Amino acid sequence: MTTFRLDTSEGPGTHVFIVGVGKYDHLLNGAGPVTARTGNMGQLTSPQRSAKAVLEWFDKTMNNPSAPLKSIEALISDVDVATYPEEGQPKPIDQAYYDQFEACAKAWFDRANSDPRNVAVFYFCGHGLANGIETQLLLSDYGKSSTPLRHAINFNGFRMAMHACQATSQIFFVDACRVVDSATLVDPDNLGYSGLGPVNVTRMFRGSNPVLFAARIGKQAFGDPDQVSDFTKALLAGLTKYGARRNKQQDWAISPQHLQLAVAALMDDFSGDSHCQTDGISGSGFDLHILNEPPDVVVHVSVAPPEKHVGAVLRATHGIVVRERDGDEHPWRTILPIGNARITADFPQLADAPQSFRDVTLMGPMQEVELGVLWAQ
């Protein structure tokens, strides 16, 4: 196990479990015997960087006075052993093999179980599979056994096992593909393991336990080589300054509900596909992080009819803050402070077309604004 920032003092806290898997011993180009069930999957270079970015955010940025950081459990598989500073020295991080995962999962569960006011956070980045209902998260030794998913996390079972945990505020971030694998469809008894022992399916969970997925069932998750993944970039941005609402103390607080909206808006590629699928969003949520200043708002500006956007000058003005579209991105995504703003469109390419504008009151996490062409030849 590799634990950072362990605080055993009494009282509620935030307990984080981070798993990043880039090195797969038994997939294509792996160091060990290659399984016959690769599914054309191989080595990855984004998960290890994504996991370290999440680790650093919780270590250095997270601010939650009602549940301060009390532990980070980490497993990161890379070609070279991953490290993270501890007391001024690089501390090696254990690889994400199934046995290590099981030990870390139980330690994380026990810490989170110590107080019902605890916040439990789980993050995974790596290969994933699905069967239309279940999601399996592949660990570094996936393919070692003749039972294909012996070294994979049955995420549905893992999350359900956390129903037994006293922490009433739980959140799960799954940054993995969920492409349907035919073998899991024909072998329903081979669904991976939770790492937390038998699951009591009759146990009701009385708290909040949402999950945010990078990909919908049947879809892929993406990240550029050697870079933080697309989902994790949006997640960290949402956690830092977008996914906020006023809590009962009137602080600007990041909540799961508002975080999901922020991540979805930041990931939106305007293709029509929805992003950041969720499960378990309910109630009014809970505080993950308290901002020291008001949040910003993700604003999507579009022109109607859409073909008239080409050549249009799109501008957003909020006090002294002025943003202007650079190029022909449409809809245009920009970032503005909360509050009153004017969004304008000028159409120099259309003779005598007047300026179109909207005066809006921006509230986070995101807002859509459409500007119509009022007249054109």
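Name the most mobile residue of GLU87, GLU73, GLU134, meaning the one with the largest mean-square fluctuation, in a Gaussian network model of the chain with Cα contacts below 10 Å. For the chain, modelled as a Gaussian network with Cα springs under 10 Å, the answer is GLU87. Mean residue ellipticity at 222 nm, helices only, the chain: -5000 deg cm²/dmol; runs of at least 4 DSSP H residues each add -39,500 (n - 2.57), and the sum is divided by the number of residues.
Against the chain, whose longest principal axis comes from its Cα atoms, helix 47-60 is set at around 80 degrees. Backbone geometry of the range 278-291 corresponds, through the Karplus equation with coefficients 6.51, -1.76 and 1.60 at θ = phi - 60°, to 3J(HN,Hα) couplings of 10, 9, x, 6, 7, x, 9, x, 8, 7, 9, 7, 9, 7 Hz, x marking Gly and Pro.
For the peptides 209-216, 280-287, 135-142, 322-329, the ranking by mean Cβ contacts within 10 Å, running from highest to lowest, is 135-142, 209-216, 280-287, 322-329. Candidates ALA265, HIS275, ILE320 compared by Cα position along the dipole of the range 235-377: farthest toward the positive end lies ILE320, with charges placed on Cβ. Ranking ALA53, ILE153, SER356 by Cα position along the charge dipole of the chain, where only Lys, Arg, Asp and Glu carry charges on their C-beta atoms, puts ILE153 farthest toward the positive end. In terms of other Cβ atoms within 10 Å, THR2, THR45 run from fewest to most in the order THR45, THR2.
Note that the range 314-324 has calculated 3J(HN,Hα) couplings of 9, 9, 10, 10, 9, x, 8, 8, 10, 10, 9 Hz, one per residue in order, obtained from phi through the Karplus relation 6.51 cos²θ - 1.76 cosθ + 1.60 (θ = phi - 60°); glycine and proline are x.
Note on the range 119-201: with charges restricted to the Cβ of Lys and Arg (+1) and Asp and Glu (-1), its dipole about the Cα centre is near 140 debye. The ratio of the alpha-carbon radius of gyration of the range 1-153 to the globular-protein estimate 2.2 N^0.38 Å is 1.08. What angle, in degrees between 0 and 90 and rounded to the nearest 10, separates the Cα long axis of helix 98-112 from the longest principal axis of the Cα atoms of the chain? So the inclination is approximately 70 degrees. Centroid-to-centroid, using Cα positions, the range 325-371 and the range 166-183 are 36 Å apart. With coordinates expressed along the principal axes, the C-alpha atoms belonging to the range 68-171 extend over 41, 36, 18 Å, beginning with the largest. Compactness of the range 296-372, taken as the C-alpha radius of gyration over 2.2 N^0.38 Å, stands at 1.02. For the chain, the number of Lys pairs with C-alpha atoms closer than 17 Å, counting only pairs eight or more positions apart or on separate chains, is 11.
Segment MET1..LYS60, full-extension length gain: 19.1 nm, with 0.36 nm per residue of separation and the alpha-carbon distance subtracted. Packing-based ranking of 256-264, 10-18 yields 256-264, 10-18, ordered from highest to lowest mean Cβ neighbour count within 10 Å. Relative to the Cα centre, the charge distribution of the chain, modelled as +1 at Lys and Arg Cβ and -1 at Asp and Glu Cβ, gives a dipole magnitude of about 700 debye. Look at the dipole of the range 3-290 built from charges on Cβ: of PHE101, PRO90, ASN118, the Cα furthest out on the positive end belongs to ASN118. Could you point to the label whose value was computed as volume of the Cα convex hull per residue in Å³ for the structure here, given (i) 143; (ii) 180; (iii) 157? Structure-derived value, by its label: (iii).
Coordinate-derived values only; no laboratory data. Everything numeric here is computed off the predicted structure, so don't read it as measured data. No Cβ is skipped: glycine too gets one built from the backbone with ideal geometry, and neighbour counts run over all protein chains shown.
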